[in-house]
Structures are given as structure tokens and as C-alpha cells.
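Throughout, read-outs are computed from the coordinates displayed, never taken from laboratory work. Remember, predicted model here, so these are calculated numbers, not experimental data. Methodologically, a virtual Cβ is constructed for each residue, glycine included, from the backbone with ideal geometry; neighbour enumeration extends over all protein chains shown.
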């Protein structure tokens, strides 16, 4: 790996480490999202506070940083002799930064919004297919985690047909799906036991189930 590629990856990780759930909550004078609900610093948990604007800003912030890291890398890569392989590594780095952020004690979110942002950086239609899957599942089952897991698991399938298995981005989509599923282990347990909450359910700061 060249020094330039390593620099790209390091910057992407730092961008990913910006947890907008925490940043937005602090800016709006709200409780730390890690102190209530699921304890996850993500848009779904912020929504449990009842502050819809904060949840939307968190969702946008986490998604945009995923797209920004990939888009910048793709734009700058040809100038520095880098290719799709390095851009793929940048995509993984920004997601890992979100999940294990250096700025917040390596305790981050589950990566769904950032993963979608990364998909936008890869291919517009790939991202839209994943979002459409999430929306369909959310309307049917009204469970955010199940909707997200379904979209992420199907993302590599969409990638196979949209960008092709020969693209480095296809393999990256598989790794992204594995990481997101890994971060949703507790949700999977709750789903199996019927304890997973519905979208929009409010939670008090004292509730951290």
C-alpha cells in the first residue's frame, strides 16, 4: 500500500468517526443518544427522543459523510495513480470509522446510514435499490433494524446485477453487509425473542434496554 493510499484511508476513517447522533444532540441541547433507548448513536435511536429534526439531521450527516469520503476518493484517485481498489478501501474505512470512532471511545453506530451513503458513492441506482428495499420493509413490518438488515443483505445482490461481480465495489458490498449484520447482533436477538421496538417508539433517557 502506498503512502498516498494510506492517507486516503486514514482521512476516511476520521471522517467516519464524526458521530452525528452525538454532535447533533449536543448542538440541540439533548441527552446523549448513548444514554437512552438502545444506546446506539444513530438516527433511529435519536428518533426515540421525540426530536424528529435531530433524527433527520443525524441521518443526513451520517449518510453524507459516507458519500463524501467515497466521492472525494473517486475524484482524487486518478490524480494520485489510485484506482477502484483504493476507493473500496476508503469506503470500508469511513464505515469502520462510524462503527468504531476514535473521537468517541470507539463506541459508534451500526452503520446503516453511512453504508447507504457509501452506496451512493459507488452507484446511484445501487443506493436507490437499497433505500427502496428499506422503505418497503419499513412500511410492511415497521421495524427499523429488520428493514436495514434486509436492505444490507440484498445490497450485494443488487450490486451483482447493477455494477457487476468484476467490480471491486461488489466485494466491498459483501463486506459492508457482513459488518452491518455484525453490528446488529443484539437486534437479531431481540427480533428472535419478539422484543425489538417499532419505528418511532419514544424512549425516556432512563430507558436503555
Expected max-MSF residue from 95, 188, 68 in the GNM of the chain (alpha carbon, under 10 Å) is 188
Among 66, 50, 81, determine the one that fluctuates most according to a GNM of the chain built with springs between C-alpha atoms less than 10 Å apart.
81
Nearest 10 degrees, 0 to 90: helix 3-16 Cα axis against the chain principal axis:
20
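In deg cm²/dmol, rounded to 500, what helix-only [θ] at 222 nm does the chain give when every DSSP H run of at least 4 residues adds -39500 (n - 2.57) and the total is split over its residues? Don't skip to the end; give the middle numbers.
Details: 10 runs with 141 residues, N = 209.
Value at 222 nm, helices only: -22000 deg cm²/dmol.
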Suppose R0 equals 22 Å; then what is the FRET efficiency for residue 160 and residue 181 from their Cβ-Cβ distance, rounded to the nearest 0.05?
0.80
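From Cα pairs below 8 angstrom and at least 6 apart in sequence, can you work out the relative contact order of the chain, rounded to a whole percent? Before the final figure, lay out each step's value.
Numbers: 344 pairs, mean separation 53.8, N = 209.
Relative contact order of the chain: 26 percent.
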To the nearest 10 degrees, how steep is helix 168-183 against the longest Cα principal axis of the chain, on a 0 to 90 scale?
20
Using a Förster distance of 25 Å, the FRET efficiency for residue 199-residue 14 (Cβ separation, nearest 0.05):
0.20
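Mean shadow of the stretch 99-167, computed from the convex hull of its alpha carbons, in nm²? Intermediate values should be presented prior to the final figure.
On the way: hull surface 21.0 nm².
Dividing the Cα hull surface by four gives the mean projection, 5.2 nm².
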Expected unfolding gain across residue 189-residue 136 under the 0.36 nm per residue rule, minus the alpha-carbon gap, is 16.8 nm
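For the stretch 1-121, compute Rh as the Kirkwood radius over C-alpha pairs and then the Stokes-Einstein diffusion coefficient at 37 °C and 0.692 mPa s; write the answer in µm²/s, rounded to an integer. Before the final figure, lay out each step's value.
Values: Rh = 14.3 Å.
After rounding, the answer is 230 µm²/s.
Pulled fully out, how much extra length does the chain show between residue 128 and residue 75, if you take 0.36 nm times their separation in residues and subtract their Cα-Cα distance?
On the way: separation 53, 0.36 × 53 = 19.08 nm, distance 2.13 nm.
16.9 nm is the gain from fully extending residue 128 to residue 75.
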If you average 1/r over every pair of different alpha-carbon atoms in the chain and take one over that average, what Kirkwood value in Å do you get?
17.1
Relative to the longest principal axis of the chain, what angle (0 to 90°, nearest 10) does the C-alpha long axis of helix 124-141 take?
20
